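Shown next, in structure tokens, is the structure this report addresses.
No lab work stands behind these numbers, since they all come straight from the coordinates. Only a predicted model underlies this, so the values are computations on that prediction, with no experimental measurement involved. Neighbour counts run over all protein chains shown; Cβ positions are idealised from the backbone, glycine included.
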Amino acid sequence: MVEEKKPVLVVLGTGGTISGGGNREGENLGYTAGLVSVETLVGGLPAPSGVVLETRQVAQIDSKNMSSSVWRDLFEAAVAALNRPDVQGVVITHGTDTLEETGFLLSSLLQADKPVVLTCAMRPATAAYPDGPQNLADALQVAACPGARGVMAVCAGRIHDGQHFSKVHTYRLDPFDSGEAGVIGYVEEGRVRCVRPWPRSEPTEHSREEKTVLSTLGKPWPRVEIVLNHAQADGQVVTALLWASRQDGAEPLAGLVLAGTGNGTCSEGLSAALSQASECGVTVWRASRCCQGAVLPTSLDLFPSAGDLPPVKARIALALHLMGLGRGEAVG
Ligand code: ASP
């Protein structure tokens, strides 16, 4: 009898605390992220029943250093895996610090009819009681789950939509929150319990043209910076950015995201500086430094709203928009 081949889960390693080490024995902090290979991480775990595991080391970084070239390589590796008929799903090991940015980018660009599950840890692999193995085991269960699809993140037994979660805590083992959107579900003792449908892929018009996306992601990204409104903000940061971008050989400033107060507002000084930047051809979008709620358009707005995207995700959305890979304009 010919044995039927089991479906594959591809685990892509990018580094992070989940693969951290080099700390003093048992220490939770003071480690180096991205030392332990994804093969070693996966090697310590049983595969969920009915699937086989394959690993690939895409990068080995601390995610605070995330770059467009790692994102490009990760997108390419995820697409290559998803296009294989024998692949049931993809799991990505990643640092927690920029996990929400990678989740947002992938869910904006991937046509994920299969599950793509990001996971991570708050304690290094060499800690006395690491959280990574449980998170990875849970992520594998979600990726192996029949019918699962879309980009998600799994941490501390909770399943988040790739679009909606943010890191909200510096130390807790459950540092993510999906805010008003809520979680998709939970992993409990190896069982997946969903309270909402799997995330829908919200593809751009380019999503099927993976080669176009890939070659665009491989070119230098337009420079988009975030500026924060706060008491005493006078806009000099924007003036300095404009000045720097005009120097010989400097990368031009293409976009600015305002991390505004409240409903995406800012001081008169910062507003004047943003208007000056806009007159110089810089695209300005408004987000809010509040961690919940959307920036609602008003009749007084000088710049469009980035909707409910927090500044770090609005920055990516604006860069994609400027690269022709966005979902259209800002919302308001
Ligand atoms: N700095 C680490 C990283 O993002 C933090 C973590 O993974 O928790 O790679």
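Things worth noting here:
- Restricting attention to segment 1-140, close to 5% of DSSP beta bridges with both partner residues there are antiparallel.
- Dipole of the chain computed with +1 at Lys/Arg Cβ and -1 at Asp/Glu Cβ about the Cα centre; of 31, 227, 162, farthest Cα towards the positive end is 162.
- Computed about the Cα centre, the dipole magnitude for segment 11-114 is approximately 100 debye when only Lys and Arg (+1) and Asp and Glu (-1) carry charge, each at its Cβ.
- Filter on 6/64; 6/167; 114/313; 114/211; 6/219 - keep pairs with C-alpha separation over 28 Å: 6/64; 6/167; 6/219
- Amide N proximity, segment 294-312 versus residue 275 label position 7 Å along Cα-to-Cβ, cut-off under 19 Å: 298-305
- Relative to the Cα centre, the charge distribution of segment 173-284, modelled as +1 at Lys and Arg Cβ and -1 at Asp and Glu Cβ, gives a dipole magnitude of about 340 debye.
- Positive-end residue of 240, 171, 144, charge dipole of the chain with Cβ unit charges: 144
- Percentage relative contact order, the chain, counting C-alpha pairs under 8 Å, at least six apart: 14 percent
- Gap separating the Cα centres of segment 215-258 and segment 16-62, nearest whole Å: 35 Å
- Under the convention that each Lys and Arg Cβ holds +1 and each Asp and Glu Cβ holds -1, the size of the dipole of the chain around its Cα centre is about 260 debye.
- Leading residue at positive end of dipole, the chain (Cβ point charges), from 299, 134, 48: 48
- The helix-only estimate of mean residue ellipticity at 222 nm for the chain, built from DSSP H runs of length n ≥ 4 each weighted as -39500 (n - 2.57), is -8000 deg cm²/dmol after division by the residue total.
- The fraction of Cα-Cα pairs per 10 angstrom bin, counted from 0 for the chain, comes to 6, 25, 32, 23, 11, 3, 0, 0 percent, rounded to whole percents.
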